[in-house]
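The values are calculated or read from the model by the stated rules, or taken from the named source; none is laboratory data. Remember, it's a predicted structure, so these values are computed and weren't measured experimentally. FYI the Cβ positions are ideal-geometry reconstructions off the backbone, even for glycines, and counts take in every protein chain you see.
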Amino acid sequence: MLELRWHGRGGQGAKTAALLLADAAFETGLYVQGFPEYGPERMGAPITAYNRLSQTPIRVHSNIYEPDIVIVVDETLLKTVDVTAGLKPNGKLLVNSGREPSEILAAFPDFGGAIYVINAADISIRTIGKNLPNTPLLSAVVKLTGVMEADTFFTNMEKAFTEKFSAKPEVIAGNLLAIREAWTSSIQINE
Amino acid sequence: MTIKDRMSGNQAIATAIRQINPDVIAAFPITPSTEIPQFVSSMKAEGLVDTEFIAVESEHSAMSACIGASAAGVRAMTATSSAGMALMYELLYVAASDRLPIVLAAVNRALTGPININADHSDSMGARDSGWIQIYSENAQEAYDNMLMAHRIAEDPAVSLPVMICQDGFITSHAIENILIEEDAPVRAFIGEYVPVHHLLQPDKSVGVGPYSISAFYMEMKRAQFEAMRNARAVIRKVSDDFGAKFGRQYGMFEEYRMEDAELAVLLMSSSAGTGKDAVDALREQGVKAGLVKLRVFRPFPAEDLAFALKDLKALAIMDKSDGFSGNGGPLGAEVRAAIYGVHDGIKTINYVYGLGGRDIRVDDFFTIFGVLEELLDGRTTDRVRHIGVREK
């Protein structure tokens, strides 16, 4: 079973991203969970969301304390939230940031796992036209989990976007471009 | 054909409601059940149901509208949580004593205070003496399945009582999980048409619903409610068996997990039972004879069957997701102990209060509890009530 934890701020869509990941993984035949940890529902407050992806039915209904993958949607959280708490030593950390890799690495002197960075804000502004980091982040996360091949994911997302944006089809192409670009844009910044 | 899908517990309930297509839904929004009437009103707008959707000004009015609709002989439903259920309390009693087969989707949430939006069972446990049948669900699948069974149980002439289908707020109501959804036609065939025995709109068969009852009649009506609740046991078993035969998922009054030769066990309801099963599996691998009982039906309380299922245990932890503030443990602890008292007095028991206001309970917490059961056996502790997951310092 693969366990993921998302750190974001209320209103940024970390919860939506976790639910989208559950949808995407479900399409591959996996058992999935996608759920938020609800605290005070305020715009900008730190929030956590979770995913479990498994070959066998999932029964556990607790939060995730020892994730395989942590995703930081908002890098300003690095100052206040211990995002690597419990992250497995061989786990993966994905940070949404436009900063230099050296600056990101400096924030995690003690984490021995792989650290990835993606500038999801930049990708979404160029492809979708707005700072909506979820779509590119989702793509980078799906790649990290290894639950499906690029082509399968792209095909699934095209179907999902066509349904989701049936009322505003003009945004579909940009979202698909964001997905494709993000797949190759997340890079590991440590050894 | 069964459809493999994924959805949240609230979406699962809304899907069941679409298939049931009740005549009336009256509801007032309250977290975490708000999505249910929200989904239903969308379905109504899209023409997927022809339900009369009544947007009322409070939960008191929601249950009042359901009572009126049900008394007029149609299927009436609502959804609520926490303080919303509290505002219905008087009407919950009216619905049950008027013998109206209303169905309520309860999304369990702590009943204040301090104000808290997260799961525990203090809302529905506060309504445990109201005369409603209460069925608890571990996950979205069970919430869906239980909802499909609710009307047949409620409307059975031997029962004619309201039913609440409970699930844990956020933990399952807002979590996406895999689920099997049945097709509309077999679901509708299973539920059937509602043909009320009595209702207000039959001029040639006049009945009174909710009149004043003097002492000369009141106690007979209460005794009739008792009989109906007793009858509900067999009806729930029958409906659950029919459901299992038709759709392949088996349900009883409770689920016994690895209880065949269990010496130590936990007993609890709803979402944390899944976490407990993972703990039981891990303990079994270490050679501990661990088991779990998940109570599905709390009202009517299956005392005799439960006592029989527990008879070979050496120690049992009864886990309450509400305190009850008796100073002697939670309501489930009291009921289960009463069920085994004088029947299987050799079983050592401890009552754990857990998960209040959304406090997480982990597989590790179950290991702690099973460890305490060992202590209970060898006399290292004689505690009757403990809390788990509390910061003590």
Exercise. Inspect all residues belonging to region B:380-393 and state whether any of them is more than 22 Å from the chain's Cα centre (by Cα) and within 14 Å of chain A (Cβ to nearest Cβ).
Key: yes
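Quick one: in region A:1-24, of everything that is part of a loop (DSSP other than H, G, I, E, B) and in contact (Cβ under 8 Å) with a residue 60 or more places away in the chain, which residue is farthest from the other protein chains (Cβ to nearest Cβ)?
Within region A:1-24, the first condition is being part of a loop (DSSP other than H, G, I, E, B), and the residues that meet it are A:1, A:10-13.
Right, trim to in contact (Cβ under 8 Å) with a residue 60 or more places away in the chain and you get A:12-13.
Values: A:12: 17, A:13: 15 Å.
Selected residue: A:12.
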Exercise. Filter region B:12-31 down to the residues that are of a type in the set (S, T, N, Q) and in contact with a helix residue (DSSP H, G or I) (Cβ under 7 Å, 6 or more places away or on another chain), then identify the one that is surrounded by the most Cβ atoms within 10 Å (Cβ to Cβ).
Key: B:15
Quiz item: Could you list, in sequence order, the residues of region B:344-371 that are within 18 Å of residue B:310 (Cα to Cα) and surrounded by 15 or more Cβ atoms within 10 Å (Cβ to Cβ)?
Solution: B:344, B:347, B:348, B:349, B:350, B:351, B:352, B:369, B:370
Quiz item: Any idea how many residues of region B:341-376 are within 14 Å of chain A (Cβ to nearest Cβ) and among the small types (Gly, Ala, Ser)?
Solution: 3
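Could you check region A:77-191 for helices (runs of 4 or more DSSP H) lying wholly inside it with 1 or more residues that are under 27 Å from residue A:45 (Cα atoms) and in contact (Cβ under 8 Å) with a residue 24 or more places away in the chain?
Values: elements: A:101-106, A:120-127, A:134-145, A:150-164, A:172-185.
Here the list reads A:101-106, A:120-127, A:134-145, A:172-185.
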Exercise. State whether one or more residues within region B:207-221 are part of a loop (DSSP other than H, G, I, E, B), touching a residue at least 12 places away in the same chain (Cβ under 8 Å) and surrounded by 23 or more Cβ atoms within 10 Å (Cβ to Cβ).
Key: no
Quiz item: Is there a residue being within 21 Å of residue A:176 (Cβ to Cβ) and touching an Asp or Glu at 6+ places or on another chain (Cβ under 7 Å) anywhere in region A:115-132?
Solution: yes
Quiz item: assigned to a strand (DSSP E or B), charged (D, E, K, R) and touching a residue at least 24 places away in the same chain (Cβ under 8 Å) - does that describe any residue in region B:324-339?
Solution: no
Quiz prompt | Residue, farthest from the other protein chains (Cβ to nearest Cβ), within region B:179-192, restricted to residues that are under 30 Å from residue A:17 (Cα atoms) and surrounded by fewer than 22 Cβ atoms within 10 Å (Cβ to Cβ) | solution = B:183
Quiz prompt | strands (runs of 3 or more DSSP E) wholly inside region B:80-178 that include at least 1 residues being more than 14 Å from chain A (Cβ to nearest Cβ), crowded, with 24+ Cβ neighbours inside 10 Å and basic (Lys, Arg) | solution = none
Quiz item: Hey, any hits in region B:294-310 for a residue that's closer than 23 Å to residue B:379 by Cα and of a type in the set (D, E, K, R)?
Solution: no
Self-check item: Neighbours by Cβ (under 8 Å, 6+ apart or cross-chain): first from region B:132-152, free of Cβ contacts under 8 Å to residues at least 40 places away in the same chain and assigned by TED's automatic domain parsing to the domain that holds residue B:236; second part of a helix (DSSP H, G or I) and aliphatic (A, V, I, L, M)
Solution: none
Quiz item: Any residue at all in region A:25-32 that is over 21 Å from residue A:164 (Cα atoms), touching a strand residue (DSSP E or B) at 6+ places or on another chain (Cβ under 9 Å) and more than 12 Å from chain B (Cβ to nearest Cβ)?
Solution: no
Practice problem: Check region B:53-61 and report whether any residue there is in contact (Cβ under 8 Å) with a residue 40 or more places away in the chain, part of a helix (DSSP H, G or I) and in contact with a strand residue (DSSP E or B) (Cβ under 8 Å, 6 or more places away or on another chain). | Solution: no
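Taking the condition more than 14 Å from chain A (Cβ to nearest Cβ) and either at pLDDT 95 or above or loosely packed, with under 14 Cβ neighbours inside 10 Å (or both), does residue B:274 pass?
On the way: more than 14 Å from chain A (Cβ to nearest Cβ): no; either at pLDDT 95 or above or loosely packed, with under 14 Cβ neighbours inside 10 Å (or both): yes.
So residue B:274 does not fit the description; no.
Just to be sure, is residue B:198 within 14 Å of chain A (Cβ to nearest Cβ) and not hydroxyl-bearing (Ser, Thr, Tyr)?
Working: within 14 Å of chain A (Cβ to nearest Cβ): no; not hydroxyl-bearing (Ser, Thr, Tyr): yes.
It is false that residue B:198 is within 14 Å of chain A (Cβ to nearest Cβ) and not hydroxyl-bearing (Ser, Thr, Tyr).
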Exercise. Just name the residue that is farthest from the other protein chains (Cβ to nearest Cβ) out of those in region A:33-50 that are assigned to a strand (DSSP E or B) and within 21 Å of residue B:137 (Cα to Cα).
Key: A:37
Self-check item: Residue that is nearest to the other protein chains (Cβ to nearest Cβ), among those in region B:1-36 that are touching a residue at least 60 places away in the same chain (Cβ under 8 Å) and assigned to a strand (DSSP E or B)
Solution: B:6
Quiz item: Has region A:61-84 got at least one residue that is at the interface with chain B (Cβ under 10 Å from one of its Cβ atoms), modelled with pLDDT of 95 or more and more than 29 Å from residue B:114 (Cα to Cα)?
Solution: no
Practice problem: Look at region B:189-206 and say how many of its residues are over 15 Å from residue B:76 (Cα atoms), hydroxyl-bearing (Ser, Thr, Tyr) and at pLDDT 95 or above. | Solution: 0
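Every residue in region A:51-60 that is buried (at least 22 other Cβ atoms within 10 Å of the Cβ) and at the interface with chain B (Cβ under 10 Å from one of its Cβ atoms), please. Quick ask: steps written out before the conclusion?
So in region A:51-60, the residues buried (at least 22 other Cβ atoms within 10 Å of the Cβ) come out as A:51-53.
Within region A:51-60, A:51, A:52 qualify.
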